[in-house]
Every structure is written in structure tokens, then in C-alpha cells.
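This report concerns only the one structure given below.
The values are calculated or read from the model by the stated rules, or taken from the named source; none is laboratory data. Remember, predicted model here, so these are calculated numbers, not experimental data. Reconstructed Cβ throughout: ideal geometry from the backbone, glycine too, with neighbour counts over all protein chains shown.
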Amino acid sequence: MDIFVQQLINGLVLGSIYALVALGYTMVYGILELINFAHGEVTMIGAMVALAAIGLIMGAAPELPGLVIVLGGVLVAIPACMLLGFSIERLAYRPLRRAPRLAPLITAIGISIVLQNVAMLVWGRQYIAFPPLLPQGRHEILGAHITDLQIFIVLLSVAIMLGLWFTVRKTRLGRAMRATAQSREVAELMGVNVNTVISATFLIGSALAAIAGVMVSAYYGLAHYYMGFMLGLKAFSAAVLGGIGNIAGAMLGGFLLGVVEALGAGYIGDLTGGFLGSHYQDVFAFFVLILVLVFRPSGLLGERVAARA
Amino acid sequence: MTALLTVENVTKRFGGVHALEAVSLTVQAGEIYGLIGPNGAGKTTLFNCMTGLYTVSAGEIRLEGHPLHNRKPHQIVARGFARTFQNIRLFANMTALENVMVGRHVRSGAGVLGAVLRGAGTRAEEAAIRERAQQLMAFVGLGRKGRALASHLAYGDQRRLEIARALATEPRLLALDEPVAGMNPTERRQMGELFQRLRDAGVTLLLIEHDVKLVMGLCDRVAVLDYGRKIAEGGALQVQQDPAVIAAYLGAA
């Protein structure tokens, strides 16, 4: 029982990070029908930039409280990622707006490789440790442990998702985004500047990615130039699981995937008599992705056919 | 009367096909202007050139002196030119009221930052957008249907909703692409009354129809297109008796 609760907690934490990243995939897909494979790398850049900024702040003002230093790092990473996401759309995707669908998709993969290599050149191949700046408190519930950081990650993610939900449902920008997602042409003919909406989508998605990047590196205590690849694939799976293009779906898919993965990792040893260990954790995300694509290609909450990509 | 919309020698070619050949016409402020012609005459092509979906191959389109040709659709809307669609194109998954609120986009300003920070100004603007949208819904006769999903509205109501959405952009000129297609005579009459009320409210109407009867009863002036050329222009009666028009509709004798 305690392992169940423990893995459930771990899964929710992981899932809330997946959900933040998945939102970036799903919003861009909803509007452009483009799978932005560079999004995972934006997350990685967010973590790297934040760590670099944290290092600088620690050097300059070591007496500051840890939380403030990390916050400083996040506040540098968010605009950096927003600029990156904005530029990617502007320079790589917009010129291909009218090209066949495969062209921007391949471009996205190309951008992702470029970003990985740039990060490797700048920050090196080694793992970068996340300094122990955050409160390390542990609490016990139902026989399982939960840390301050875990609580913080889940609460912040949920708050951000509520804010995003509100923005999309209740604001002028959100309405323009939904209108553009339904028909770019009609939205434009009703006076919506579609390019502004697309840019805003990339800005929001990249800001979420920056926060998720810091969360994931703080959670695992590590950052690495390759970390965006697997995180991106997982988040993409989460978006497909929920129904790509659907914002609530990305949130649900993220949490579900995190929980499935954590429970799978917790029990796979018992289930296979020790033959497979918890390092097979990553298999679950893709197993779920395959199941979804076979049995419900439009995703849990999706209405549209996801087979177009 | 002053010229609101001027179309001058507009030509549109698709490869070797001349969809429009030096078409010129002038819509006066305050009138209901009809554009008719057999299927494939180029009506919708001209419409798409006016609203920025197509670039023109040659010629000029101006609204109150400001060039519209080869501008972005949203810039044209901002100038005061809105349209509806021949095959209804609402935002089906949004409520009727939200559809109209999208039309207010171009007349409001809160950007990304405003949406995130939600200052008092942003909230006031949002309330104003909602209120104006509700007024327009009432104007077209959909006052009680704001909460319904656009796709759940009856066919005739969807056409009205498209008009309300276009009106939300505060157009000087509203272009209606076959607004009564598929309607029964009662609905047609009601739409005709709506058009009169729109004109009384100061909106100039450009009506594309191939239902000649409706156009003749409603329009102050009519232009007839055939094979991408304007073959006649003038008052309804005058155009109806034009031998070139009769030939175009009935086939040359």
C-alpha cells in the first residue's frame, strides 16, 4: 500500500511537469497543426539558462535565500525561452506556413538537433548539478514521503494551468486563439491578426516550458543537454493521450502519463518476478502512446482525427 | 452620395484562366448594392480579392480612398469592410455570443500582457465587448441564443449569427455572400427586413446573389458579372431588361 501511495505522489509530480510541457505541444498543434518537436529542447534550454543564472547570482550574492536565487533563475529563463520560441516560429516555421506539412515537421526535428548541439557546445556534455537551494522538508502521509519541492511543483503547475485555462476561455486573446484554431482563414477575415495569435501561442508555450525545465532539473537535481529529448517525447505522448490540440486533454494526459509511469516503475519488478526493473519506466509512456494510437487515435478528450500528422 | 468602395480595373488570373477581367464598380455610401451573375461568373473571386484572401493581378480596390488590394484580411476588416460566407463558416465549437465577441477583436486592444495581468482596464474592456456582442445578437434577432453552441443553432439563425459577428467589427461596408441561400420565402422576407434595418443603421451593403428576384426587390443598384467581366450596371429594372444580361442568364438566343 505505501508503495502505491508513494508512486502515486511521484507520478502526480512528474505528471504535472509533463502536463506543462504537453500544453506547449498541444497549443501549437491546435493552431498550426504542427508538431513542434523542438519544444522539448526549449524546456532543456530553460533549465540550462536558469542554472547558468543561478550560478551567477550565487557568485554575486551568496547571502540571498535559496528560494530567491532559484526564482531569479526562473525569471531569467522565462524570457530567454520566450525569445527562443518566438524566434523559432518566426524564422523556421512561418516561412513554411504554406509548404507541405512534412516540411515544417522535418524543420522542427532539425531545430531540435541544432538546439541540442548548441547546448552541448555551450554547457558541455556532462551532467550539471542543480544546487541544493530549495527547502528540503519531508512530510509523511499515508506511509509515504512527500517533499516540499514536490508539493511546490504540483501546486505551481496547477495554478499555472488554471491561469492558462482562464486565459483561453475568458479573454480576448484566448478567444482569438480558439477562433484561429478552428479556422485560421475565417478568424483572419473577422479581423484577428493571426500572426500575432500564433506568436502569442509560442510565447506562452515557451514560458511554460521554461518553468517546466527548471522544475524537472530541480526535481532530479540534474540538467543535461539531452534532457529535453525524452521529456519532449513523454510530453508529446501525454498530449496525444489527452487528444492533441485539446488543452484540457494535455493536462489530463500529463497527469495520467506521470501516474502510469510511476506506478509501472513501482510494480514492474514484482510483476515480472524481478526480470525487468524500474529503469524500464520510460517504456510505459510509449506503451501508453501505442495503445492510444491503436484504440483511440483522437485521444481521450480529442474530437478531431489525430492521424493527419 | 459619396463613393464608399471603388473597384478599378481589377483583374485576377489563375495561371492562364482570367477569373476577373478589368472589373470596375463603385458602391455609394448608404446604398444596397447587388452583385449578380451566373455560377462561375467571378462573384466570389471578386469578393475574395476585396477581402484580402486573394491578391489582385492588376487594378485597385479602395475603401474611402484607402487601398484594400493586397492588404492582409485583418487590416481590411480594421478599415471597415466585413463579410459573411456563402457556406456558413462559424466557429462551431464556440458559443454564439463568443462568435460575435471574436468580431470585436479588431475594435479592442488588450494584448498578451493585459490578458495575463487582468488590470481594471482589461476587465472593463472585456465587459464592453460582451455587452456590445449582446446588443448585436439582439439586433439580428438572436437575443436569447447567446449561450448555445454556434453549431447547435438552426440554419437560418446561423446565417443571422454570421451577420452579427461581421457587424461586431463595426463595418462601413458589409458584404454578404448569398445570405439567403437555402432559405424559405418567409425567412427570405425576414432577412430582407434585416438588410433594410442595417441600411437604416448606416451600414452600406454589398450583396452577392444569384437569386435575381431578391436582388431586384432590395438593391438600389446592381452589377452583373459574366465570365469575369461586368456586362451591366444600373438600377434593378434597367439591368433586368438588358439584352446582355438576359443572354447571360438564359443563354444567347
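Hey, residue B:29 hits all of (1) surrounded by 17 or more Cβ atoms within 10 Å (Cβ to Cβ); (2) touching a residue at least 60 places away in the same chain (Cβ under 8 Å) but one; which does it fall short on?
(1)
Taking the condition of being farther than 18 Å from residue A:196 by Cβ, assigned to a helix (DSSP H, G or I), more than 7 Å from chain A (Cβ to nearest Cβ) and not β-branched (Val, Ile, Thr), how many residues in segment B:81-112 meet it? Reasoning before the result, please.
First pass over segment B:81-112, keeping only residues farther than 18 Å from residue A:196 by Cβ: B:81-90, B:92-100.
If we keep only those that are assigned to a helix (DSSP H, G or I) as well, we get B:96-100.
Keeping just the survivors that are more than 7 Å from chain A (Cβ to nearest Cβ) gives B:96-97, B:99-100.
Next cut, not β-branched (Val, Ile, Thr) only: B:96-97, B:99.
Qualifying residue count for the region: 3.
Looking at segment B:8-26, which of its residues are surrounded by fewer than 18 Cβ atoms within 10 Å (Cβ to Cβ) and in contact with a His (Cβ under 9 Å, 6 or more places away or on another chain)?
Correct list: B:11 only.
Return the residue satisfying two criteria in turn: it lies in segment A:229-286 and is of a type in the set (D, E, K, R) and crowded, with 18+ Cβ neighbours inside 10 Å, and of such residues it is farthest from residue A:8 (Cα to Cα).
By that ranking, first place goes to A:234.
Provide a single number: the residues in segment B:48-75 that are facing chain A (nearest Cβ under 10 Å) and not basic (Lys, Arg).
7
Could you grab the pairs with beta carbons closer than 7 Å, sequence gap of 6+ or different chains, first residue in segment A:93-112 and part of a helix (DSSP H, G or I), second one surrounded by 14 or more Cβ atoms within 10 Å (Cβ to Cβ) and of a type in the set (Phe, Trp, Tyr)?
Qualifying pairs under 7 Å: A:104/A:93; A:107/A:93; A:108/A:37; A:109/A:37; A:112/A:37.
Looking only at segment B:142-154, count how many residues are surrounded by fewer than 18 Cβ atoms within 10 Å (Cβ to Cβ) and in contact with a helix residue (DSSP H, G or I) (Cβ under 9 Å, 6 or more places away or on another chain).
Residues meeting the conditions: 7.
Does at least one position in segment A:132-148 carry a residue that is surrounded by fewer than 19 Cβ atoms within 10 Å (Cβ to Cβ) and in a helix (DSSP H, G or I)?
yes
Here is a yes/no grid of residues against (1) under 23 Å from residue B:84 (Cα atoms); (2) facing another protein chain (nearest Cβ under 9 Å):
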residue	(1), (2)
A:162	no, no
A:170	no, yes
A:177	yes, no
A:182	yes, yes
A:187	yes, yes
A:205	no, no
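Which ones in segment A:161-209 are part of a helix (DSSP H, G or I) and hydroxyl-bearing (Ser, Thr, Tyr)?
Across segment A:161-209, the qualifying residues are A:167, A:180, A:196, A:199, A:201, A:206.
Go through (1) closer than 19 Å to residue B:37 by Cβ; (2) among the aliphatic types (A, V, I, L, M); (3) outside any helix (DSSP H, G or I); (4) in contact with a helix residue (DSSP H, G or I) (Cβ under 8 Å, 6 or more places away or on another chain) for residue B:174 and report which single condition fails.
It fails just one condition, (1).
Mind checking which pairs have a first residue in segment A:205-232 that is within 14 Å of residue A:115 (Cα to Cα) and a second that is β-branched (Val, Ile, Thr) and surrounded by fewer than 24 Cβ atoms within 10 Å (Cβ to Cβ), Cβ under 8 Å, 6 or more apart or different chains?
A:224/A:128
So is residue B:142 among the hydrophobic types (A, V, I, L, M, F, W, C) and either farther than 13 Å from residue B:167 by Cβ or within 14 Å of another protein chain (Cβ to nearest Cβ) (or both) or not?
No: the conditions fail for residue B:142.
Write out, first by first residue and then by second, each pair whose Cβ atoms fall under 7 Å of each other, whose residues are 6+ apart or on separate chains, and whose first residue, in segment B:185-209, is in contact (Cβ under 8 Å) with a residue 40 or more places away in the chain and within 14 Å of residue B:82 (Cβ to Cβ) while the second is of a type in the set (Gly, Ala, Ser) and surrounded by fewer than 17 Cβ atoms within 10 Å (Cβ to Cβ).
B:204/B:29; B:204/B:30
Answer with yes or no whether residue B:131 is part of a loop (DSSP other than H, G, I, E, B), over 30 Å from residue A:160 (Cβ atoms) and of a type in the set (Asp, Glu). Let's see the steps before the verdict.
Numbers: part of a loop (DSSP other than H, G, I, E, B): no; over 30 Å from residue A:160 (Cβ atoms): yes; of a type in the set (Asp, Glu): yes.
No: the conditions fail for residue B:131.
Given the criteria more than 13 Å from the chain's Cα centre (by Cα), at pLDDT below 90, within 14 Å of another protein chain (Cβ to nearest Cβ) and part of a helix (DSSP H, G or I), does residue B:78 qualify?
The answer is no for residue B:78.
Starting from segment B:70-96, keep only residues that are free of Cβ contacts under 8 Å to residues at least 24 places away in the same chain and surrounded by fewer than 24 Cβ atoms within 10 Å (Cβ to Cβ), then list their pairs with residues that are of a type in the set (S, T, N, Q) and part of a helix (DSSP H, G or I) whose Cβ atoms are within a distance under 9 Å, requiring at least 6 positions of separation or different chains.
Within 9 Å, the pairs are B:72/A:195.
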